[in-house]
Structures are given as C-alpha cells and as structure tokens.
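Scroll down for the structure; my scribbles are underneath it.
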Amino acid sequence: MSPVSWLSSHLGLPDWLLRPILAPLVYPGLLAFMPVALFIIWAERKVTARVQMRVGPLYVSRRLGGVLQLLADGVRIAFQEVIVPETAEKYSFMLAPIAAFSLVAATFTVVPGGPGVYGFDSNISLLIAYALISLSPIVTVVMGWASNNKFSQIGAGREIIVSIAGEVTLLASLLAAAMMYGSMSFNAIVEAQNDAGIPGIVANPVAALLFFIAVLLITDRVPFDLVLGEQEIVQGPYTEYTGILFALTMALDYAKLYVLMLMFTNVFLGGWMPFNTPLIGSLCVFTKTLVLMLISVFLRSVYGRMRLDQVAYLFWARLLPLALAAFSLSAVMHFLYR
Amino acid sequence: MIGLTVSSLSDAAFIISLLALAAGSVGVVVARKALHMVSWLVVASLGVASLLALSGYGYISVFHIVVYIGTAITLIAMVILMLGCDVEPRAWRPGKLLLSVFAAAVLQTPVLLYKPAYLKMEGLELRKAAQPLLQCWLCTVLVVVTVATVVIEAVAIARSRGGSERP
C-alpha cells in the first residue's frame with residue numbers, strides 16, 4: 001500500500017483529492033524544498049568563498065562547516081519586523097511576495113517527484129508547469145512598482161525584458177523535447193525514456209542546453225543576474241523588503257530553480273531512471289535535481305555578469321535560432337522513443 | 001468518507017471562475033491606479049482560463065495563460081512602469097462601475113444558463129462556443145448594446161485625453 005493510499009483511507013479523503021494537496025506541501029513541494037534551499041544557499045556561499053580563497057559561513061556549527069548558518073539566518077529573519085515604507089502601496093507590497101511564492105509552489109502539483117509520486121497527471125502537464133512559472137514575473141513587477149523605489153522599478157523593468165527572452169527559449173526547448181517524446185505528460189516522458197533506455201540529454205543535447213541556460217536566466221543566476229544586480233540596483237524589485245517577506249522573495253528564486261531543475265530531471269535526465277520503486281525512484285530524482293542546482297549555483301564563482309543588451313542579443317539572436325536546430329534534432333531522434 | 005465528488009467540485013470551480021472573471025472585469029474598470037488595473041486584468045484572465053479548462057479546452061486554457069498573462073499583460077505592465085502613468089482619475093464615476101457589472105453579467109449569463117462545461121466539445125469551434133450566446137435573442141441584443149456603449153465610451157475618453165487637457 002502506497003503512503004498516499006494509506007493516508008487517504010485514514011483521513012477519509014479520496015486519493016485524487018489528497019494527491020494535489022500533498023504534492024505541493026510535502027514532496028516534491030515545500031517540505032522537501034526547505035532543506036534543499038538551506039543547503040543550496042550554504043553550498044553557494046561556501047563554494048564561492050573557497051574559489052575566492054575565503055572561508056565562508058563558519059561560526060554557527062563550526063564542526064559542520066557552518067551548515068546551520070542559514071537556519072540561524074532564517075530564524076532571525078522570521079522574527080524580524082516587517083517594515084513597509086510609507087510611500088509604498090501597502091497591500092500590493094505585502095501580498096505580492098505571497099502570491100508569487102504560491103504560484104511557484106502550485107507548480108509542484110504537476111511535476112512528478114518519483115514513480116507514482118505526483119499531484120495530478122494530465123496530458124499537458126508540461127505546459128501547465130510552464131504556464132504557472134510564466135505567471136510569476138508579473139507579480140515581481142507588482143513588487144517593484146509597489147515598493148515605490150527607483151532600484152525596485154529598474155529591477156522590475158529588467159525582470160520583464162529578461163523573463164520574456166528566457167521564457168521563449170524555455171518553451172522552445174520544452175516543445176522540442178515534447179515533440180521528440182510525442183507527449184506532454186511528465187509521466188509519459190519519463191516512461192518513454194525508461195523504455196528506450198536513453199535519457200533525453202543524450203538524444204537531444206541542444207534542447208537540454210537551451211533549457212539549462214534559460215533556467216539560469218529565469219531564476220536570476222549568474223551570469224544573468226540582472227534583476228537582482230547587487231552592485232548596481234541593491235536587490236532589484238526586492239530592495240525594500242524586510243523580515244519574513246524578504247525571506248519569501250529570496251526563496252522565490254530558489255523555488256523556481258528547484259522546480260525547473262526538477263522539470264529538467266524529468267524531461268532530459270530520465271527522471272527516476274534506472275529505478276522504479278517509489279522510494280528509491282524519488283531519491284534518485286531528488287539527487288539529480290540537487291546536483292543540477294549545485295552546478296547552477298557554482299557558476300556564480302566562475303562567471304561575471306552580462307549586460308542587459310548582451311543578454312537580450314544572446315537569447316533572441318543566438319539561442320532562439322538554436323532552438324530551431326533542437327526541433328530538427330527532435331524530428332530526427334523521434335524514432336528512438338516510439 | 002465525506003461527500004466530495006468530481007461534479008460538485010467542478011461546479012464549485014465553475015462558480016469560482018465566474019466570480020474571478022466578474023471581480024476582475026469590475027476591478028479593471030474601477031481601479032484607480034494603472035498597475036492595480038493590470039492585476040485585476042490578470043485575475044479576469046485567470047477566470048477565463050479556468051472557464052476554458054472546465055469547458056474541456058485544457059490546451060487552449062494553458063496557452064491563454066502563457067500568451068495573454070505571461071506575455072501580453074506583462075508587456076502592458078512594462079509600458080506602465082516605463083511611462084509611470086499611475087494617475088488617479090479625478091472623479092468617481094459610478095456609471096463606469098454599473099456599465100462593467102452590466103457587461104460582465106451579459107457575457108456570463110449564457111455561460112451560467114447553458115453550462116458548456118459538461119458538453120465536452122472536441123476542438124474549439126467559435127461558432128459552437130458562441131451558440132449559447134446567440135440562442136437567446138435578449139442576450140445578443142444586450143451584447144451588441146454593451147459593445148457599442150464601450151466603444152462610444154472609449155472614443156469619448158480618447159478624445160478628452162488627446163486635446164487641451166494635456167500639459
């Protein structure tokens with residue numbers, strides 16, 4: 001008996017109703033996301049420090065290399081006073097981070113975290129996940145506007161330019177992959193890779209590369225961290241946020257990174273391949289996602305920031321035509337997944 | 001086992017989507033700041049998207065979100081940010097609110113009456129989708145009147161803004 005069926009029989013709720021509640025809240029949702037976020041932020045700071053010949057976080061839990069530093073920071077931020085600037089739009093300012101984070105959390109409903117571990121399965125779940133991700137930039141714009149701060153407004157403007165450029169490439173790479181597998185359901189895509197024994201990254205490396213680069217842009221990772229741009233515009237749209245709202249805005253980008261890397265694992269790395277049991281399969285998906293996130297945060301130590309015009313040129317003039325190549329490759333490789 | 005069924009939930013979802021659509025439509029008209037209008041437009045569009053999904057057009061619903069909210073409304077928001085045109089209207093006009101409620105009611109009545117959610121049509125045929133609206137002659141007349149009023153209102157607003165009022 002699976003844990004979901006056991007819980008549904010005890011709670012008296014039907015299985016189809018319990019799944020979409022558990023998936024965003026427990027696994028692959030928020031309960032799994034919290035330790036991932038703490039670990040990834042710690043790893044990001046530690047690795048960057050090592051590359052720059054510093055020690056990084058150390059004082060909290062010195063023996064463990066300062067891994068609990070982020071937990072301490074989190075507790076401090078949770079109890080900090082939320083300051084709303086006098087000139088800010090109070091309700092938009094306070095509601096926008098909550099709305100943005102909820103939208104990203106809703107994405108966990110459709111992205112499977114293991115064999116049979118999903119909120120609900122649809123034949124267009126790939127597109128649903130993408131649509132939910134594409135909703136968050138507009139809330140970020142509301143954050144920037146509501147803060148009534150020049151840095152925030154510049155950051156919000158950048159967010160729009162950057163997100164549209166990134167989302168076009170992301171959608172193109174996802175559609176190229178869907179064309180290759182002949183399906184837009186995550187479960188069917190993973191099963192197709194399992195049956196063929198070939199992960200999508202081998203069959204169509206171009207689409208995988210495009211997806212990875214677009215994820216870096218959408219989640220404000222270096223070299224495309226224009227929206228936050230710490231040295232230029234403080235924290236972009238999140239400049240005025242404090243306390244728990246600041247924690248939410250920080251978690252927003254990491255949640256996006258987590259869910260998009262989960263999508264990458266399912267679409268290009270074969271999901272729970274080569275395991276088929278729920279527990280081991282979920283662990284496999286989780287590990288692959290974590291490794292991908294570590295790679296993306298490691299880039300902070302080795303790249304500088306690109307300018308806005310360079311990013312726009314790269315995405316519209318270089319990567320979008322490359323997406324056409326990904327489509328052609330998918331048309332050729334389609335026979336592998338029949 | 002509590003008495004939850006798929007049909008009762010989809011009924012609730014249908015009503016919530018209609019409410020979101022109505023609230024969004026009214027909000028767009030009565031909001032006093034440009035970015036609030038954009039936010040209400042997002043709510044209205046999400047209502048439309050979920051109505052489409054409940055009517056069996058899942059694919060179109062998702063593309064509605066991606067194209068209209070993810071791109072079009074985001075670009076409108078960008079223009080508003082760049083122009084900084086968050087000017088509050090000078091006078092409170094209840095006529096606008098009445099008009100928007102009227103328009104929303106007219107557009108939603110046929111949907112409520114005929115419930116295309118359970119028709120499960122294959123593919124989107126505009127003729128089929130508009131059929132419930134055209135079957136009721138009163139609804140058709142009201143839609144025509146509403147559209148005409150909105151156009152006249154839009155022209156009036158555009159004329160008053162374009163002339164001597166601007167510095």
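When restricted to residues that are open to solvent by 50 Å² or more (accessible area, probe 1.4 Å) and more than 18 Å from the chain's Cα centre (by Cα), region A:284-303 contains 2. Within region A:206-230, the set of residues being over 25 Å from residue A:185 (Cα atoms) and touching a residue at least 60 places away in the same chain (Cβ under 8 Å) comprises A:221, A:222, A:223, A:224, A:225, A:226, A:227, A:228, A:229. Scanning region A:102-122 for residues that are outside any loop (DSSP other than H, G, I, E, B), open to solvent by 10 Å² or more (accessible area, probe 1.4 Å) and closer than 24 Å to residue A:172 by Cβ yields A:103, A:106. Which members of region A:176-188 meet the condition of being of a type in the set (Ser, Thr, Tyr) and open to solvent by 20 Å² or more (accessible area, probe 1.4 Å)? Within region A:176-188, A:183 is the sole residue that qualifies. Contact map, region B:34-56: residues that are free of Cβ contacts under 8 Å to residues at least 24 places away in the same chain and within 9 Å of chain A (Cβ to nearest Cβ) paired with residues that are of a type outside the set (Asp, Glu) and not in a helix (DSSP H, G or I), Cβ distance under 8 Å, separation 6+ or inter-chain. Pairs shown: B:39/B:31. Set side by side, the residues A:168, A:202 differ, and just one is free of Cβ contacts under 8 Å to residues at least 12 places away in the same chain and surrounded by fewer than 19 Cβ atoms within 10 Å (Cβ to Cβ), which is A:202.
The one condition from (1) aliphatic (A, V, I, L, M); (2) out of contact with any helix residue (DSSP H, G or I) (no Cβ under 8 Å at 6 or more places or on another chain); (3) without any contact (Cβ under 8 Å) to a residue 12 or more places away in the chain that residue A:23 does not meet is (3). Of the residues making up region A:123-155, those that are over 13 Å from residue B:69 (Cβ atoms) and either more than 7 Å from chain B (Cβ to nearest Cβ) or surrounded by fewer than 23 Cβ atoms within 10 Å (Cβ to Cβ) (or both) number 18. Looking across region A:76-101, the residues that are among the hydrophobic types (A, V, I, L, M, F, W, C) and not in a loop (DSSP other than H, G, I, E, B) come down to A:77, A:78, A:79, A:93, A:94, A:95, A:96, A:98, A:99, A:100, A:101. If you go through region A:21-32 and keep only what is farther than 14 Å from residue A:282 by Cβ and open to solvent by 40 Å² or more (accessible area, probe 1.4 Å), you end up with A:21, A:25, A:30.
Within region B:12-25, take every residue that is in contact (Cβ under 8 Å) with a residue 40 or more places away in the chain and within 18 Å of residue B:69 (Cα to Cα) and give me the one that is farthest from the chain's Cα centre (by Cα). In this case the residue turns out to be B:18.
For residue A:96, the test of being open to solvent by less than 40 Å² (accessible area, probe 1.4 Å), more than 23 Å from residue A:258 (Cβ to Cβ) and among the hydrophobic types (A, V, I, L, M, F, W, C) is failed. Please determine whether any residue of region A:30-44 is in a loop (DSSP other than H, G, I, E, B) and away from chain B (no Cβ under 14 Å). No, region A:30-44 contains no residue that is in a loop (DSSP other than H, G, I, E, B) and away from chain B (no Cβ under 14 Å).
Before we move on, is residue A:47 open to solvent by 40 Å² or more (accessible area, probe 1.4 Å), within 24 Å of residue A:256 (Cα to Cα) and touching a Leu at 6+ places or on another chain (Cβ under 9 Å)? Against the criterion (open to solvent by 40 Å² or more (accessible area, probe 1.4 Å), within 24 Å of residue A:256 (Cα to Cα) and touching a Leu at 6+ places or on another chain (Cβ under 9 Å)), residue A:47 qualifies. For the structure I just gave you, tell me whether residue A:323 is over 30 Å from residue A:198 (Cβ atoms), surrounded by 13 or more Cβ atoms within 10 Å (Cβ to Cβ) and small (Gly, Ala, Ser). No, not satisfied. Taking the listed residues A:163, A:173, the one that is crowded, with 24+ Cβ neighbours inside 10 Å, within 20 Å of the chain's Cα centre (by Cα), polar (S, T, N, Q) and away from every other protein chain (no Cβ under 13 Å) is A:173, with no other qualifying. Of the candidates A:80, A:69, the single residue that is open to solvent by 40 Å² or more (accessible area, probe 1.4 Å) and either closer than 15 Å to residue A:250 by Cβ or touching a residue at least 24 places away in the same chain (Cβ under 8 Å) (or both) is A:80. Yes or no: region A:206-222 includes at least one residue that is in contact with an Asp or Glu (Cβ under 6 Å, 6 or more places away or on another chain) and either open to solvent by less than 10 Å² (accessible area, probe 1.4 Å) or hydrophobic (A, V, I, L, M, F, W, C) (or both). Yes: one or more hits. Beta carbons closer than 6 Å, at least 6 apart along the sequence or on distinct chains, pair a first residue in region A:303-326 that is in contact (Cβ under 8 Å) with a residue 60 or more places away in the chain with a second that is of a type in the set (Val, Ile, Thr) and not in a helix (DSSP H, G or I) for A:303/A:222.
The values are calculated or read from the model by the stated rules, or taken from the named source; none is laboratory data. Given the structure is predicted, the values throughout are model-derived calculations rather than measurements. Quick reminder, even Gly has a Cβ in these numbers, built from the backbone with ideal geometry, and neighbours come from all protein chains shown. For the accessible areas, the whole protein counts, side chains as well, though only heavy atoms, and no ligand, DNA or RNA atoms are used. Shrake-Rupley method; radii C 1.70, N 1.55, O 1.52, S 1.80 Å.
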